[in-house]
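Notes follow once the structure below has been shown.
The values are calculated or read from the model by the stated rules, or taken from the named source; none is laboratory data. Note that the structure is predicted; figures quoted are calculated from it, not measured. Using ideal geometry, Cβ is built from the backbone for each residue, glycine included, and neighbour counts are taken over all protein chains shown. Side chains included, ligands, DNA and RNA excluded: accessible areas come from the protein's heavy atoms. Shrake-Rupley method; radii C 1.70, N 1.55, O 1.52, S 1.80 Å.
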Amino acid sequence: MTGSAVTSALAPLPVLLPLLGAAAALLVGRHPRTQRAVSLVVLTAVVAVSVVLLLWADAQGATAVAVGGWTPPLGIVLVVDRLSALMLVVASTVALGVLAFAVGQGSADGDEETPLSIFHPTFLVLVAGVSNAFLAGDLFNLYVGFEILLMASYVLITLGGTAPRIRAGITYIVVSLTSSLIFLAAIGLVYASTGTVNMAQLAVRLGELPSGTQLLLQSMLLIAFCIKAAVFPLSAWLPDSYPTAPAPVTAVFAGLLTKVGIYAIIRTQTLLFPSGALDDVLMWAALATMLVGILGAVAQTDIRRILSFTLVSHIGYMVFGIALASRAGLAGAVFYVAHHIAIQTTLFLVAGLVERQGGSTAVDRLGGLARRSPLLAVLFFVPAMNLAGIPPLSGFIGKLGLLQAGVADGGAVAYVLVAGGVVTSLLTLVAMSRVWARAFWRPPTQEPADDTARAAAADAGERNSREDAEPALVGAGADEPAGAPEPPARRRAARAAAWRRHTAVATAAESGAPRAAKTRALRPLPAVMLTVTAVFVALTLALTVLAGPLYGLTDRAAGDLLDRTPYLEAVFGDEVVR
Amino acid sequence: MTPTVVLPVVIGGLYAAGIYLLLDRSLTRVLLGFLLLGNATNLLLLSTGGVAGLAPILGLGEPGELSDPLPQALILTAIVITFGVSAFLLAVIYRSWRLVRQEVVGVDEEDRRVAAGRRTDADDLDPDDLAPEDRPAGHGDHLGRDLSDAQVERLLDQRFAGIASDDVELPSTQGGPR
């Protein structure tokens, strides 16, 4: 069996397996244990398939699979090249880890809040959408991939349907819908001007269009993808909507969804429009993304929001690499994508653990975590330093590669961006060390047990006083002018209860009331969640150790991207269909 | 056959109306705006197939006389996606209404807090200190500063006659015992 036959057989599996797994997980929704087993097995299989695909793609070059046997450009093709295979491996590994974390969290919580029967199928559908977007060799299939993952993400971000999540989810949904409509309109215009949506064929035909038409199509596609990737000034939705979701959901969103946008930008800039007409615009957008994002992070006082802003900020590094449009720049950008998926997911998982341990993610409320849970402190410290780019960790290697590529470019704008990158790195260190100093290092202001007891007492006192006040209010109602109907006391009591519930969830607490979370804080952290997070930290360290081979791989991927012929030959064979 | 001017005009009008509605804070209008934009985009896709011709695939005529089938396939996919998303949006809007008696895009309290440089947490804020439009979701029962709870109850009864006031366990009869 030759390599290309193996690839053809395996390429549809990263999309098919999760979809079938989602159906199976729905069927066994009444049996949580079976459902977990199904999801974990499916995702493990996807990881294995992706690794095989990456090995073959690196050894044999790009391969295209015509789905259903229709030859391109008539049929839909899935293209496996070094970039898409690498993205698949990183994405599926992260998804598997996050799912394991969620399983650990679910069993620790007794699944009181998460509607478990819907979480696993939706998560698998999300993975299928991400894989489809990475594999798509056809602009419309890319759109379908985006829609699959967005639809799943709508469900995940509003999971449980509490007021803060609905509020945040609405922003997220409306912004995503707008970007999808822009993308769809762009596809329509691309088809009108070229008569095809096959990306390999577009690569040939788009170059023959008048430059004004090209610019219009390129900017429409870039606007749609920049919204998804959260590039400034299209990034304001992200820190608004991500922090309220459950920890595993935020982690997987932060890791994967914006990177799918980055992947689409890479394809647009290298395969479809290699002329580099908008490179300067992207450069300035990258600079603004880095600086505005990180300044936002420095201003925040909630760990999850800080992380959301650093997520936006570090998207700027990847856009910088893409805008350089040189082999070194693209290699750096792809390496940074892989590094950033792992690191950002890890940090959001740690934030979930911090919330369990400390009862809050607001740094002003936390304190003394380093003494209470030294392991958690290590698990936060290592990836935080990695994110800031402290040598010799992988964040340093990725940033160094990008900065070197910027210096090699030599333009004035590139030097400005190099300076901006260094400043952003320093400010990331400031933001991370503030979290470290306040939440972990400073002594706890009160003994935790005392704090909890006092908070519980205060909470109970407030509740009692409110309930005591209710009969008085009913009495006051009776004093109103005659003829007025007495307001239904029961209804008001119900509303008072709802108000308490609402104020309890208003700070994006994981469940119920933040005070209740504080009493929970005395329990030790669940072993599964800690183990999974530790494995993630180990993975980010492995990225550092294996940076040499990985950088070699991304360098070859960047070479393929700039050359374009491997992609075209994979789709059309030796004879390019014009 | 000649190209028609009707399609571009309709597409442009739908886009304009859709964007106008999308900019509103009321969620129902946002949904309507999204539907208009979706239809505008579908029409745009339809017009990319060139002038209308005979039905393809059935072999009714020469290739030059047939309509382009691909945009229609794309539209079909897009319609299905728009349909699913609209259903989900309606569910979210209904949920928002059930929870907080509001169907507007809410304010990010934590964001306002950081912007104002306050040191208290978002859930420690007294909502009555905020301007009415800045109030967090959950203040559907606020009708004025100087009213007693009893008066508020009566006003609410007038304004939302027969509607349960919150997403809580209420007797199945409307509005509870009188």
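Quick check on this structure: which one of A:GLY367, A:GLY406 is closer than 11 Å to A:PHE440 by Cα, open to solvent by less than 20 Å² (accessible area, probe 1.4 Å) and among the small types (Gly, Ala, Ser)? Spell out how you get there, then give the answer.
Working: A:GLY406 fails: closer than 11 Å to A:PHE440 by Cα.
The match here is A:GLY367.
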Answer residue from segment A:229-259, given it is farther than 21 Å from A:ALA338 by Cβ and not in a loop (DSSP other than H, G, I, E, B) and is nearest to the other protein chains (Cβ to nearest Cβ) among those: A:ASP240
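So, in segment B:31-66, how many residues would count as being more than 12 Å from chain A (Cβ to nearest Cβ) and among the β-branched types (Val, Ile, Thr)?
2
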Conditions (1) over 30 Å from A:ARG438 (Cα atoms); (2) open to solvent by 10 Å² or more (accessible area, probe 1.4 Å); (3) aliphatic (A, V, I, L, M): number failed by A:ALA299: (1)
Members of segment A:191-201 that are within 9 Å of chain B (Cβ to nearest Cβ) and either closer than 15 Å to A:ILE223 by Cα or of a type in the set (A, V, I, L, M) (or both): A:ALA192, A:VAL197
Verdict on B:ILE79 being open to solvent by less than 30 Å² (accessible area, probe 1.4 Å), more than 18 Å from A:THR171 (Cα to Cα), more than 7 Å from every other protein chain (Cβ to nearest Cβ) and not hydroxyl-bearing (Ser, Thr, Tyr): no
Verdict on B:LEU89 being open to solvent by less than 60 Å² (accessible area, probe 1.4 Å), among the hydrophobic types (A, V, I, L, M, F, W, C) and assigned to a helix (DSSP H, G or I): yes
All positions within segment B:4-30 that are under 21 Å from B:ASP108 (Cβ atoms) and at the interface with another protein chain (Cβ under 10 Å from one of its Cβ atoms): B:LEU22, B:LEU27, B:VAL30
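Within segment A:156-171, take every residue that is more than 7 Å from chain B (Cβ to nearest Cβ) and either outside any helix (DSSP H, G or I) or more than 15 Å from the chain's Cα centre (by Cα) (or both) and give me the one that is surrounded by the fewest Cβ atoms within 10 Å (Cβ to Cβ).
A:GLY160
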Test set (1) more than 10 Å from chain B (Cβ to nearest Cβ); (2) crowded, with 21+ Cβ neighbours inside 10 Å - A:SER180 fails condition number: (1)
Options B:ARG101, B:ARG145, B:ARG119; residue that is open to solvent by less than 40 Å² (accessible area, probe 1.4 Å) and at pLDDT below 85: B:ARG101
Filter result for A:ALA133 (without any contact (Cβ under 8 Å) to a residue 60 or more places away in the chain and more than 10 Å from chain B (Cβ to nearest Cβ)): no
In segment A:244-256, the residues that are open to solvent by 10 Å² or more (accessible area, probe 1.4 Å) and either hydrophobic (A, V, I, L, M, F, W, C) or in contact with a helix residue (DSSP H, G or I) (Cβ under 6 Å, 6 or more places away or on another chain) (or both): A:THR244
Any hit, segment A:224-232, residues being at pLDDT below 90 and more than 13 Å from the chain's Cα centre (by Cα): yes
